[in-house]
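A.B. asks: I have a structure here, written as C-alpha cells, and I will follow up with some questions on it.
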Amino acid sequence: MINYRKSLVAVAAAALVLTPLAACSSNDDSGTSTSSSSSAATTTQPAPAAEVDNLTGVSTAVKLDAGFTGALTTLGLTPGVVGSATLADGSISFPITGGNVKYWTPGTVDPYVQGKILHDGSGLSLTAGATTVELTNFDIDPGTSILKGDVLVNGAPAASGAVLFDLNGRTLKPLQTGPNDTAILQGTEVKISSDAAALLNKTFNTDAVTPGLLVGIATITIATK
C-alpha cells in the first residue's frame, strides 16, 4: 500500500510541473476561537505542498496477466468491456473521468498522497453462459491502495462501492513523460481482492477465484494540463 502511494506522488509531481499551485492561505479569520482552531489544524496537519484539484483524462490501462486470462479460460469466463472501456491486444483501458490529488512533503502527513482517481461509466465484464458480472465505476484511492467499484449481476445491482482490487506498486517503473502533456506510470500490480473473489466464486458457483490473483500490470496516464 505504501508503495502505491509513492507512485501517486510521482503523478502529482508531474502534474504540478505544468500546473503549479499555491499553498493554502495561512491568514486567520478575526475571532480568537477561529484563530486557535486554525493554529491547531496547522499543527496537526500542515497545508499540502501541492494540490491537483481536477484530474482530467487520460486513462488507466491494465495489461492482463497470462495467469489471469488462463484462469478465466479454465472457469469458462469470457472477459469483456462495459461503457467507454476498451479491450485490445490483451489490455483493458478505462478512461479517467475526474478526481483530485493532494501531496504533502513525505513525513509530514500519513498518508502523504491523498485523493481519488475516478473512472465513471466504464468497467470490466465476465460472462459464463447466461450469467454476466459487470465491475464498473472504478475509484482508485491512493491513500489506501485499493480500487473500489460497483457490481452488477445480469444488470441488477449486487454491490456498490465494493473493494474490487488491491494495488501494489513495488514493481513500479520510473515516471515517464508522455505526449500531449501527460505523465505515465507503469508497473503497478492489480490483484483480485478477497471481497471480489468471494462474490465471483458465489456468482459462478466455484471456489477457483483466489484473493491476490494477479489481474495484470497497470499503466496510468494522466493529463498534466
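The values are calculated or read from the model by the stated rules, or taken from the named source; none is laboratory data. The structure displayed is predicted, hence computed values, not measured ones. Every residue, glycine among them, receives a Cβ derived from its backbone with ideal geometry; neighbour counts consider all protein chains shown. To get the accessible areas, we keep the full protein, side chains included, count just its heavy atoms, and leave off ligands, DNA and RNA. Shrake-Rupley method; radii C 1.70, N 1.55, O 1.52, S 1.80 Å.
A.B. asks: For a quick check of your reading: which strands (runs of 3 or more DSSP E) sit entirely within region 128-225 and have at least 3 residues that are open to solvent by less than 60 Å² (accessible area, probe 1.4 Å) and not aromatic (F, W, Y)?
C.D. replies: Counting at least 3 such residues, we get 131-141, 146-153, 156-168, 182-192, 214-223.
A.B. asks: Here is a follow-up. Determine whether region 124-140 contains at least one residue that is over 24 Å from F68 (Cβ atoms), at pLDDT below 95 and either touching a His at 6+ places or on another chain (Cβ under 9 Å) or of a type in the set (K, R) (or both).
C.D. replies: Looking for residues that are over 24 Å from F68 (Cβ atoms), at pLDDT below 95 and either touching a His at 6+ places or on another chain (Cβ under 9 Å) or of a type in the set (K, R) (or both), one finds none in region 124-140, hence no.
A.B. asks: Scanning region 69-89 for residues that are within 20 Å of the chain's Cα centre (by Cα) and either in contact (Cβ under 8 Å) with a residue 60 or more places away in the chain or more than 14 Å from V133 (Cα to Cα) (or both), which turns out surrounded by the most Cβ atoms within 10 Å (Cβ to Cβ)?
C.D. replies: A85
A.B. asks: Another question, if that's okay. Give region 113-123 a look and list any residue that's open to solvent by less than 10 Å² (accessible area, probe 1.4 Å) and either within 11 Å of the chain's Cα centre (by Cα) or modelled with pLDDT under 90 (or both), or say none.
C.D. replies: Listed by number, the residues that qualify are V113, I117, H119.
A.B. asks: Considering only region 69-112, how many residues are at pLDDT 95 or above and aromatic (F, W, Y)?
C.D. replies: The number of residues fulfilling the criteria is 1.
A.B. asks: A further question on this structure: Suppose the filter is modelled with pLDDT under 95 and either acidic (D, E) or under 19 Å from L64 (Cα atoms) (or both); does Q176 pass it?
C.D. replies: It is false that Q176 is modelled with pLDDT under 95 and either acidic (D, E) or under 19 Å from L64 (Cα atoms) (or both).
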